[in-house]
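These notes are about the structure you will find just below.
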Amino acid sequence: MPIAENFPEGLKPIGKISHSDGEHFHWIWGPGRSDGEASTNEDVKAAYEKRGESLVPLGVSGTMVAVDWDSCVADGACIEACPVQVFQWYRTEKDVPAAEAVNSTFEGTGSYVKDERKDHTDKADPIREHDCIWCMACVAVCPPQAIKVDQGNMEAHEKAAGTYVKMETGSVNPHSH
């Protein structure tokens with residue numbers, strides 16, 4: 001099943017991946033799903049088995065650029081399609097199980113070349129979510145439809161971070177008495 005159309009409704013932040021610039025980060029939303037495309041993909045299952053790692057529910061990485069890691073099969077089409085290198089293969093920077101990437105800090109030095117993934121346990125991570133230009137190229141090319149790009153999800157990101165400020169509707173004239 002593709003990433004939920006109403007993402008992030010019904011989910012909550014279960015961790016975050018920070019950028020080493022000290023300013024940017026993105027949430028991991030959960031709980032994860034055990035029935036995503038990754039759990040039935042033969043290449044993914046074989047890669048986990050070869051590593052001796054368990055295929056566990058992971059959740060969704062990112063908010064405005066959200067990648068359902070339980071559906072991601074390490075195809076790399078998103079990485080190839082992105083004109084501003086929002087994504088990296090997270091394992092090419094830190095080769096750890098995906099569950100250990102949660103609450104880690106990344107420099108964004110991982111590969112953004114489609115064929116450079118470590119193996120099919122790797123995941124496309126939106127480490128530079130803040131650089132997205134909303135072109136939707138990644139959404140259009142993802143075979144399992146694991147990506148949702150929605151600038152409107154900024155509110156969910158900010159509410160989870162405790163930085164949300166509701167903008168007033170209508171203008172207020174500071175000079176009126």
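Quick note: the coordinates plus some simple rules give every number you see, no bench work behind them. Computed from a prediction, not measured in an experiment: that's the story for all the values here. Cβ sites come from the backbone with ideal geometry, for glycine too, and all protein chains shown count toward neighbours.
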Can you tell me which of Ala47, Ala74 is crowded, with 19+ Cβ neighbours inside 10 Å, of a type outside the set (Lys, Arg) and out of contact with any strand residue (DSSP E or B) (no Cβ under 9 Å at 6 or more places or on another chain)? Ala47
Can you give me the ranges of the helices (runs of 4 or more DSSP H) entirely in the range 76-166 with at least 1 residues that are closer than 19 Å to Pro57 by Cα? 98-101
Residue check: is Cys82 under 14 Å from Asp122 (Cβ atoms) and either in contact with a Cys (Cβ under 8 Å, 6 or more places away or on another chain) or surrounded by 23 or more Cβ atoms within 10 Å (Cβ to Cβ) (or both)? no
Is there a residue being of a type in the set (Phe, Trp, Tyr) and under 18 Å from Arg117 (Cβ atoms) anywhere in the range 56-72? yes
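Residue by residue, here is whether (1) β-branched (Val, Ile, Thr); (2) surrounded by 18 or more Cβ atoms within 10 Å (Cβ to Cβ) holds:
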| position | (1), (2) |
| --- | --- |
| Tyr90 | no, yes |
| Lys94 | no, no |
| Val102 | yes, yes |
| Gly110 | no, yes |
| Val113 | yes, no |
| Glu116 | no, no |
| Asp119 | no, no |
| Glu129 | no, yes |
| Cys132 | no, yes |
Give me the pairs, please: first residue somewhere in the range 146-163 and more than 14 Å from Glu9 (Cα to Cα), second residue anywhere and among the aromatic types (Phe, Trp, Tyr) and assigned to a strand (DSSP E or B), beta-carbon distance under 9 Å, and either six or more positions apart or on two chains. Ala161/Phe25; Ala161/Trp27
Cβ-Cβ distance below 6 Å, separation of 6 or more or different chains: which pairs start in the range 47-76 with a residue that is within 26 Å of Met154 (Cα to Cα) and end on one that is buried (at least 23 other Cβ atoms within 10 Å of the Cβ) and among the aromatic types (Phe, Trp, Tyr)? Leu58/Trp69; Gly59/Trp29; Val60/Trp29; Ser61/Trp69; Thr63/Trp27
Looking at the range 8-24 only, could you name the residues that are closer than 18 Å to Asp150 by Cβ and either free of Cβ contacts under 8 Å to residues at least 40 places away in the same chain or surrounded by 17 or more Cβ atoms within 10 Å (Cβ to Cβ) (or both)? Pro8, Glu9, Gly10, Leu11, Pro13
